[in-house]
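Report on the following structure.
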Amino acid sequence: MELSVARGFDVRVVALPPGIDPADDPTGFEARLARAEPYLVYRTRIEIDRAEDRQQAFERVHALLDQAPESPGKQEAWRLANDRLDMTIQLRAAGPSSARASAPTSRRVLDAAVRLERNALAGVVAHDNLVPLLAELPPEHFHEPLHRALRAHLVESAQLDEDGVGLLAELAATASVEGIDEDTATELLLRLRIRELQRELQHADLERTKELQETLLKVREAVAALS
């Protein structure tokens, strides 16, 4: 199927329950056939569900979509992955038309998720006394792999690769250009914590929900005190 997709064919998948043969229930199969989904959407969902963690899911889906030709199915799979993984998957542009098609959505996701992470890290780069506050945020608070690597560098002195060194220099300039002072940087870090708490609340049980809501209230009060 991947070969067919690579050649530009519109491949769609009908998922059947285990042990069910289309010949056993032709009417039911016809109904499912009407709801067939693009192969890339199906594979993206399967890769995410089977992955051991979000990082592994990101890597598998990135490899899958990065080599696929542009199509409505690829765009749908890309949006599904961004929503499920809560991070931006940056793909190579296959050409000018594909870049134009994906750019508006990419910018919206970048503004909503990635910009917050970058500015928070820029604030810590500019104000290293905030490193202990950054250390309180687990790596999972940063959805972009490169941002997690930079957090590890700032908190644990982990080595950076070439991309990481470039980002470090970029964020130092960002802090200066955008005037990210210590209070602003603190607020950005707290807002990252709020974002993660809100995400955890979506999947928490009743007992955990109460604890998360109390923590969320405290963090919001801390943000309000900085205003």
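The values are calculated or read from the model by the stated rules, or taken from the named source; none is laboratory data. Computed from a predicted structure; not experimentally measured. Ideal geometry is used to build each Cβ from the backbone, glycine not excepted, and the neighbour counts take in all protein chains shown.
Overview of results
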| item | result |
| --- | --- |
| Helices (runs of 4 or more DSSP H) fully within the stretch 1-118 counting 2 or more residues that are of a type in the set (A, V, I, L, M, F, W, C) and either within 30 Å of residue 180 (Cβ to Cβ) or at pLDDT 85 or above (or both) | 39-50, 54-66, 72-85, 96-109 |
| Any hit, the stretch 111-129, residues being among the small types (Gly, Ala, Ser), over 22 Å from the mean Cα position of the chain (by Cα), loosely packed, with under 13 Cβ neighbours inside 10 Å and closer than 26 Å to residue 59 by Cα | no |
| Some residue of the stretch 199-218 being on the phi > 0 side of the Ramachandran plot and either of a type in the set (A, V, I, L, M) or more than 22 Å from the chain's Cα centre (by Cα) (or both) | no |
| In the stretch 176-187, the residues that are part of a helix (DSSP H, G or I) and at pLDDT 90 or above | 182, 183, 184, 185, 186, 187 |
| Meets criteria (at pLDDT 90 or above and touching a Ser or Thr at 6+ places or on another chain (Cβ under 7 Å)) for residue 160 | no |
| Of all residues making up the stretch 172-200, the number that are touching a Ser or Thr at 6+ places or on another chain (Cβ under 9 Å), aliphatic (A, V, I, L, M) and farther than 11 Å from residue 123 by Cβ | 1 |
| Test set (1) part of a loop (DSSP other than H, G, I, E, B); (2) closer than 12 Å to residue 123 by Cα - residue 203 fails condition number | (2) |
| Residue selected from the stretch 146-191 under the condition among the charged types (D, E, K, R) and under 25 Å from residue 55 (Cα atoms), by the criterion surrounded by the fewest Cβ atoms within 10 Å (Cβ to Cβ) | 162 |
